[in-house]
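Read the structure below first, then the notes.
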Amino acid sequence: MKRIAILALALIAAYAPASHACEFCTLHNGLGQYNNQGDFVSLTYRITTASTVVDGGSAVQPSTGQKLVINTTQLYYQHAFSDALKLQVVLPNIQKTASTNGTTNDSSSGIGDAIVMARYAFWGDDNQFAGAIVGLKLPTGAKKEATGTTTFSPDLALGTGSTDPLIGIVYNHNIGNWNYSADALYKIAGKGYDGYQFGNVLNLGLSGYYGFHEYFNAGIGLNGEIMAADKDNDGTVTGTSGTVVNTGGTVFFASPALQFTMQNFYAELAYQIPVYRNFIGTQLVVDNKLIVSVRYAF
């Protein structure tokens, strides 16, 4: 049975708990636990649905009828410079639609913000290692303006207009047919379109996989996100400069997954659902995410 290997960056597959934080929700690890020591290319399709409005951690009743759907097709490429050093490049294409009671209010589509990261394994071997991650989110996504205005729309943004540093760490351990990993990634948000600044974010991840068949693995993960509130530095977007109300909070997702492997080809079907959430003020938050990925290592 093929041994399960390195699971790196699975935490960022769970990004996007709130509509105001969706500029980073397009990143998926692209089945990073397989052949992560070499080169690979992956294609991921993700459907993210946000239709629940919460006040703190409780759903607002009756329902407001608001809905935000994000369809993302993401290209992910990794190049191995050595056994320890890897370069990862991510480019998403995004389609967002906001509606109320089934009637479309606004939409956007196009290339999102690209991400470039490097991972360096500073300890361990193929069965157990720890690695450091550094990177940048680049402002390649176009500005999205709210309908009938020239003002930046955070909820429907394709890009933020900011260059955001990323730092993180990952730990991985293989034991027979089992694989465990824990990881963290922190994004330092910069000032973007119209002076709007998304909050800094810490992602935390814990996951495990079991190889129960020559070609199949079952997995379960718990991924969390802690978000600082956004800022409107110039007051252009919200009309008031300073901290943006109804932004920021904490959420954790449970994520079962099924994987198929055959030689250098891999496929994964994953589903993510929030199991804990506590947001600042009243926000539209994600109900679920369905993720389909295919990958080829070479």
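Here, each number is a calculation from the coordinates, and none is a lab measurement. Treat the numbers as computed from the prediction; the structure is a model and nothing was measured. Neighbour counts are summed over all protein chains in view; Cβ atoms, including those assigned to glycine, are modelled from backbone coordinates with ideal geometry.
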Long-range amide H partners of Gly57, meaning residues 5 or more apart or on another chain whose placed amide H is closer than 5 Å, are Phe279
Given unit charges at Cβ for Lys, Arg (+) and Asp, Glu (-), the dipole magnitude of the chain about its Cα centre in debye, nearest 20, is 240
Among the Cα-Cα pairs of the stretch 166-237, the proportion with separation greater than 13 Å, in percent, is 72
Mean separation of Cα contacts under 8 Å (at least 6 apart) over the residue count of the chain, i.e. the relative contact order in percent, is 20
Quotient of Cα radius of gyration and Kirkwood radius for the chain, i.e. Rg/Rh, equals 0.97
Full extension between Asn264 and Ala118 adds, at 0.36 nm per residue less the Cα distance, a length in nm of 50.3 nm
As straight-line cross-link partners of Lys143, the qualifying lysines (C-alpha separation under 19 Å, not fewer than 8 residues apart within one chain) are Lys96, Lys191, Lys231
